[in-house]
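The values are calculated or read from the model by the stated rules, or taken from the named source; none is laboratory data. Predicted model, so just to flag it, every value in this text is computed and none were measured. Ideal geometry is used to build each Cβ from the backbone, glycine not excepted, and the neighbour counts take in all protein chains shown. Surface accessibility is based on the protein's heavy atoms, side chains included, excluding ligands, DNA and RNA. Shrake-Rupley method; radii C 1.70, N 1.55, O 1.52, S 1.80 Å.
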Amino acid sequence: MIAASPVALAGPELVLVASALVLLIWGAFQKTPTLVFTGAAVLALIAAAVVAATGPLGVAFHGGLIADQGSAFAKVVIYLASAIAAPLGTRWFADRGIVRFEYPILIIIAALGMGMMVSAGDLISLYVSIELQSLALYILAAFQNNVAVGVPADGKSSEAGLKYFVLGALSSGILLYGASLVYGFAGSTRFADIAVAMSHGAGGGALFGLVFLICGIGFKVSAAPFHMWTPDVYEGAPTPVVGFFAGAPKLAAMVLLARLLSEGFGGAVFQWRQILVAMALISVAVGAFAGLVQSDLKRLWAYSSIASIGYALVGLAAGGVVGIQSMLMFMVLYVIDVTGFFACLAALTRGGKPMQTLDDFAGLARERPALAVAMTFFALSGLGMPPFSGLWGKYYVFKAALIAGLAPAVVIALVGSVVAAFYYLKLIRRMWFDTASGPTDPPRRSGSVVAYACAAFAFPGVLIAVTWIDPAAKLAAMALALR
């Protein structure tokens, strides 16, 4: 990869840094509603600029930052998801008497960290970028702790932030330990240099360190058995925040993992494939069976997301361009579905209280048929029912796994999908056939608009969108795998 101007290569990140600083100063003096829309516009414009840009491509900061088609593909999705989360969350908090200008700034900082993650080219930038986005997410998880604004605090939100922080600190320690082992045996932090060292006999010790790196990143994506934080944090964190960190941060972490494995440990596919397959199948099993007993929809979707990461890991375990492409396709479709689902939850209340349990959604089809249809689309997509978007995601990862000779893993994952179908269908039955406990409040427009847009993508828009996303994902996969 050629050398290029570091300023040009880090352009999106530098713009986000400047935007966060300007908005922070602006918000301190002018707590105006336009602040959130300015932040969302900045993120959307940067995403558009990344799409329109044809260069430069290359490495900067001695290999610490890589700008290629892989990072560009992921950044577009990340920045667009962040641009949606900023106004959606601000409106949701305002309805509850919480007006804080810091919210869109934290979204921008999290997006900055995620953009750095997908461009990380060495162990130092890997760790710094993960911690940058994590620190913002810890605060967002506890953002409903409202004592400072005179509104009764939400104890579950504070608990969610604390649990996320404590367990996140544990995963950070695991990451650092793994990075130190890899550096000690490979003699370098750069992924490219690690690959050279692996080819010259650094294998055993460096691979031992890689196990810890995979475990640390596994925490960030809620892969079992590192999923213990997910249900509690999903339940306690503010609904729009959950919709945000259930999607884009996981895509960023999966792209980072793909780059680490392909560029740094591409010659040890057989070794790390075994780890990924084991994590994938445990995730599918935990997500499928634990979700059956959940009555809280946020906890239920937490287990659904754990299972979804298992499917993505099945694709990544296949390795090569086909495997990475399948993971990218699955994650993009997943981000859209999970954003739309939590937008539905954010839009709906009954008697001023959030609708969060299965009982709350009983009879929703009679009260709010359009939102019931959207929720049905997301449930059927999570199930993998044709022709919804979830089917296409699973099609790509299972096809890649079969090509790589991972047929047993595909069979087990399919069984997990059948088991998980029971809780998706249970939600649909409650909405369409049960009797409502009372009238719902008028839905929030911001959440409804996002939900309808994502539902339209899940079906029928996905039939057209896949033809656009597929070639872009292939180019991204070729950049991430070409080492």
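Of the Cα atoms belonging to the chain, the radius of gyration and Dmax stand at 21.3, 69 Å. Computed over protein heavy atoms with a 1.4 angstrom probe, the accessible surface ordering of H200, H227, largest first, is H200, H227. Relative to the Cα centre, the charge distribution of the chain, modelled as +1 at Lys and Arg Cβ and -1 at Asp and Glu Cβ, gives a dipole magnitude of about 540 debye. The angle between the Cα long axis of helix 297-318 and the main principal axis of the chain comes to about 20°, on a 0 to 90 degree scale.
In terms of the mean number of neighbouring beta-carbon atoms within 10 Å, the peptides 82-95, 252-265 order highest first as 252-265, 82-95.
Using 0.36 nm per residue of separation minus the Cα-Cα distance, give me the extension gain between L463 and A52 in nm, one decimal. Write down the numbers at each step before the final one.
Details: separation 411, 0.36 × 411 = 147.96 nm, distance 2.37 nm.
Extra length from L463 to A52 when fully extended: 145.6 nm.
Under 5 Å from the amide H of D122 lie the amide H atoms of F191, each residue being 5 or more positions distant or on a separate chain, with H modelled from the backbone and absent for Pro and chain starts. In terms of the mean number of neighbouring beta-carbon atoms within 10 Å, the peptides 183-190, 156-163, 347-354, 301-308 order highest first as 301-308, 156-163, 183-190, 347-354. Each residue of the stretch 447-452 is assigned a 3J(HN,Hα), and the resulting list reads x, 5, 4, 5, 4, 5 Hz, derived from the Karplus form 6.51 cos²θ - 1.76 cosθ + 1.60 (θ = phi - 60°), x at Gly and Pro.
Aspartates and glutamates within cross-link reach of K75: Cα-Cα under 17 Å, excluding same-chain residues under 8 positions apart? Cross-link targets: E13, D470.
Show that you can apply the helix-only estimate: for the chain, add -39,500 (n - 2.57) for every DSSP H stretch of four or more residues, divide by all residues, and state [θ] at 222 nm to the nearest 500. Each step should come with its number before you reach the end.
Values: 21 runs with 357 residues, N = 483.
Estimated from H runs of four or more residues: -25000 deg cm²/dmol.
Amide H to amide H, with H built 1.01 Å from N, A142 comes under 5 Å of G161, counting only residues 5 or more places away or on other chains.
Backbone phi angles across the stretch 383-398, fed through the Karplus curve with coefficients 6.51, -1.76 and 1.60 (θ = phi - 60°), yield HN-Hα couplings of 5, x, 6, x, x, 6, 4, x, 4, 5, x, 5, 4, 5, 6, 5 Hz in residue order; Gly and Pro are listed as x. For the listed peptides 6-18, 370-382, 433-445, a ranking on the average number of other beta carbons within 10 Å per residue, highest first, reads 370-382, 6-18, 433-445.
Extending 7 Å from the Cα toward the beta-carbon at both H200 and V99 defines two label points whose distance is 6.2 nm. Accessible surface calculations at 1.4 Å, restricted to protein heavy atoms, place the chain at 37 Å² per residue.
Of all the accessible heavy-atom surface of the chain, with the other protein chains kept in place and a 1.4 Å probe, what percent is carbon and sulfur? Write down the numbers at each step before the final one.
Numbers: 12840 of 17690 Å².
Summing carbon and sulfur atoms, their accessible area is 73 percent of the total for the chain.
Extending 7 Å from the Cα toward the beta-carbon at both L24 and M228 defines two label points whose distance is 3.3 nm. In whole percents, the pair-distance distribution calculated for the stretch 127-285 from its alpha-carbon pairs, binned every 10 Å from zero, is 11, 37, 29, 15, 6, 1, 0. Once both labels are positioned 7 Å from their Cα atoms along Cα-to-Cβ, the gap between A407 and L135 label points is 5.1 nm. Computed from phi, the 3J(HN,Hα) profile of the stretch 75-89 under the Karplus parametrisation 6.51, -1.76, 1.60 (θ = phi - 60°) reads 5, 4, 5, 4, 5, 5, 4, 5, 5, 6, 5, 5, x, 4, x Hz, with x in place of Gly and Pro.
Distance check, please: which entries in K163/K474; K156/K250; K250/K298; K298/K394; K220/K474; K163/K426 exceed 28 angstrom between their Cα atoms? Could the numbers behind the result be given before it?
Working: K163/K474 37 Å; K156/K250 23 Å; K250/K298 17 Å; K298/K394 22 Å; K220/K474 25 Å; K163/K426 30 Å.
Going by Cα-Cα distance, K163/K474; K163/K426 fall outside the 28 Å limit.
Specify which residue in the list G447, G264, V7 is farthest towards the positive end of the charge dipole of the chain, using unit charges on the beta carbon of Lys, Arg (+1) and Asp, Glu (-1), about the Cα centre. Going by the charge dipole, the pick is G447.
Separation of the stretch 186-202 and the stretch 409-430, taken as the distance between their Cα centroids, equals 42 angstrom.
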